Amino acid sequence: MTCAACSSAIEKALEKLDGVENVNANFSNNIVSVLYDPAETGKEQIVRTIKKAGYDVLEDDPDVLAERERLNAVRSKRELMVSIIFTIPLTILAMGPMAGIDIPLSDEPKIYSILQLILCVPVLMAGRRFYTKGYPSLVSGTPTMDTLIALGTTAAVIYSLYATALIFSGEPHSIHSLVYDSAAMIITLVSVGKYVESGSKIKANDAVRGLLSMTPPTVNVIRDGKQVSIPSDEICTGEIIIVRPGERISADGEVTEGSSLVDESMLTGESMPVSKGPGDKVYSGTMNMNGSLKMSAERIGEETVLFQTVRMIQDAQGTKAPVARVADKVASIFVPIVIVVAVAACLAWLISGKSIEFSALVLISVLVIACPCALGLATPMAVTVGIGKAAEHGILFKNAAALERSGRTTSIILDKTGTITEGKPSVTGIFATISEAELIRSAASAEAVSEHPFAKAIVSYAEEIGISVVEPSEFESEPGKGVRCKVGGKEVAVGNADFTGVDESSEKVRNLSADGKTMVFVTIDGGFAGCIAISDRIRDSAVSGISLIRELGVRPIMVTGDAEAAARNVAASVGITEIHAKALPGDKLNIIKELQVKGEFVAMVGDGINDAPALTQSDLGIAIGSGTDIAIMAADVVVRNDDIRSVPATVEIGKATLKNVKQNLFLAFCYNIVCIPLAAGIPFVLGVDMVPEMPMFAAVAMSLSSISVVTNALRLRRFKPICMKEMEHLPLSQ
């Protein structure tokens, strides 16, 4: 596709098919996404329809498409070089006399005109794609930018051939009517703009496609007891893979042996490497840093998180933001209107008594200066770059509409458990009448064989602070109450107050439990040894994340099914003033609806099955990457890491992209509103002469309009959310 009118033509053709519900033809990455009912139409019919509209189709293979784009760029460069080589001497030959340059044969009109024609023909051949695409689309009733260029240059060539015929018929003064150089210059300058544009589109898409290249071409596996090197695409599920330091991991799986640090930044956006050991999950494309690992391959090829991530980004880039619909509607009628304006202006000047030369000049200039490319590129280029930029930080938008909505967000609903907190019980307080080390050793030893989440939290805490546990004896367990056993010859009881016989009236115990924490009591030989507070620990990034949300002018609201006391304690700790506690999934839904009725743009952040309805109802559903599959499916955005600061980063990238889109649309609309009247002859009405070189100036202006929009969109590649800068430079707790 060469402009927005192309994408509009494809969409209109496909929308006529039975069973087609939705079509998105994305000009920026040449992807067409079709939602259709296979009972009414088939993929083959869709492909035939696209081809009938005048376009080639490469099915389901982004790599082939990327290679085709590169070949097109090489061809465009070759054709551009041919155009430049012949246009430069043609321009000197045609304009030299006006600049006072002595040009040989300029006093021989017949030879002079034929020489210009000879130099012009190779340029016309180099720009033949404008004609092979432009005229068929005109015949089919869906004219494009190529149509405007084809009509403009054809008019210039026909007018020059007419002048050449007059020269040979004995009217040498017609030499001043030759505009072969204008036709050549138009093709050359537009080709420069298209070449820059195609290179920019490739750069915008390469960031995403480059993710797939992060899978190593070969991998070392254990087969028949021996280590062998095989191509990565021959890995089988369940095979043991050896990953040496400095190598990328080639499949998703679980570490079976060894320990190392793994750089997962290409998936999560987190710059710090993650420690991995036996039982830990590792992912394709991530980098093993400093130790050798053996891993079992669980997901390979298209099943890996890496491939699904790339597919999700490409799917998102293949959709359109609502704001793009406005530009598309304008672009779909833009080219026909320009043709009408060009012809009308030409006829008006002829009727007013101006010469054929002047009127033709106006016709050519209007056709050439109009630029649907800028309109068509304004939104998709910014969206493509914005989605790619978000992916660099582990933020995956499922569609372009979600990216736009993120920029309009006014309120963010945050679930407590698993979002603001870690979502698992942790030891968050201790009161001991004996040494804390002895208390933890006794409690952890007693709980070592228990599967209860609180027991695991105590054992995990003991491991964190370096306390070793001993094997208990005479172990007894009462579900829901506690455990009793002997540890080191002493009778230890760990559980609730009733089970252990502890008086809960102690001031220290009351203070710990007042924060909404669950108390686990410990007795040793019947005497009160202390209590351990268990609660869901607040994420390290929560405080700064909530602060950054407020700095963006967005209101953070916590909605949780937890008790009022626990909810208020967490909210106060992270700086949230508006909370809704004891909320059921239906209550979350109603809270979001109430905000939407008030005109709020509501984002919902969650990670559990209970969050799925609210994620669906919200204007923007954001699923934390560690969440359930149902939450991830219901969300519009998936954050691959657990850092809450990625939530304001999502909003910030959305705002930056939306701002960039508005800037691009402003540039595109202003350009056409100003330039088309100028080309139609307004300067002459105001007393300024229309110069013969006006078509060349029009070609320059048209190319610059596309380049300005593309360049502005590519500025997003250098954009870095403040939230991400905070993540790099601030301590997590700050």
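Beyond 18 Å, what share of the Cα-Cα pairs of region 408-505 remains, rounded to the nearest whole percent?
Counting pairs separated by more than 18 Å, the tail of P(r) holds 53 percent.
Given H placed 1.01 Å from N in the peptide plane, which residues other than close sequence neighbours of GLU298 have an amide H under 5 Å from its amide H?
GLY238, ASP252, GLY253, GLU254
What pairs from LYS398/LYS588; LYS281/LYS486; LYS389/LYS593; LYS424/LYS720 go past 25 Å between their alpha carbons?
LYS281/LYS486; LYS389/LYS593; LYS424/LYS720
Write down the accessible area per residue of region 402-547 in Å², having rolled a 1.4 Å probe over the full set of protein chains.
Computed with neighbouring chains in place, this is 44 Å² per residue.
Can you run phi through the Karplus equation (6.51, -1.76, 1.60; θ = phi - 60°) for region 173-180 and list ³J(HN,Hα) in whole Hz, with x for Gly and Pro?
Along region 173-180, the couplings run 5, 5, 4, 6, 9, 5, 10, 4 Hz.
Leaving ligands and nucleic acids out of the surface, order HIS452, HIS176, HIS580 by accessible area at 1.4 Å, largest first.
Order by accessible area, largest first: HIS176, HIS452, HIS580.
On the accessible surface of region 532-663, probed at 1.4 Å, how many percent belong to carbon and sulfur atoms?
53
Can you list residues whose amide H is under 5 Å from ASP415's amide H, if they're 5+ apart or on another chain and H is modeled 1.01 Å from N?
VAL559, VAL605
Can you list residues whose amide H is under 5 Å from ILE31's amide H, if they're 5+ apart or on another chain and H is modeled 1.01 Å from N?
So ILE31 has HN proximity to ASN26.
Which value, in Å² and to the nearest 10, is the accessible area of THR616 when all protein chains are kept and the probe is 1.4 Å?
Ignoring ligands and nucleic acids, THR616 comes out at about 90 Å².
Apply the Debye scattering formula to region 70-152, with a single equal point scatterer on each alpha-carbon and no solvent, then give log10 I(q)/I(0) at q = 0.11, 0.14 Å⁻¹.
After summing over all Cα pairs, the log10 values are -0.42, -0.62.
Please list, in order along region 132-145, the HN-Hα scalar couplings obtained from phi with the Karplus expression 6.51 cos²θ - 1.76 cosθ + 1.60 (θ = phi - 60°), rounded to whole Hz, x for Gly and Pro.
5, 9, x, 6, x, 5, 5, 5, 7, x, 10, x, 10, 4
With θ set to phi - 60°, apply the Karplus curve 6.51 cos²θ - 1.76 cosθ + 1.60 along region 224-239 and write out the HN-Hα couplings as whole Hz, x wherever there is a Gly or Pro.
Residue by residue, region 224-239 yields 6, x, 10, 7, 10, 9, 9, x, 4, 6, 9, 5, 10, 4, x, 5 Hz.
FRET efficiency for ASP18 and LYS52, Cβ-Cβ distance as r, R0 = 22 Å, nearest 0.05?
Result of the calculation: an efficiency of 0.90.
The values are calculated or read from the model by the stated rules, or taken from the named source; none is laboratory data. In this text, all values refer to a predicted model and were calculated from it rather than measured experimentally. Please note: Cβ atoms are built from the backbone with ideal geometry, for glycine as well, and neighbour counts cover all protein chains shown. Only protein heavy atoms, including side chains, enter the accessible area calculation; ligands, DNA and RNA are left aside. Shrake-Rupley method; radii C 1.70, N 1.55, O 1.52, S 1.80 Å.
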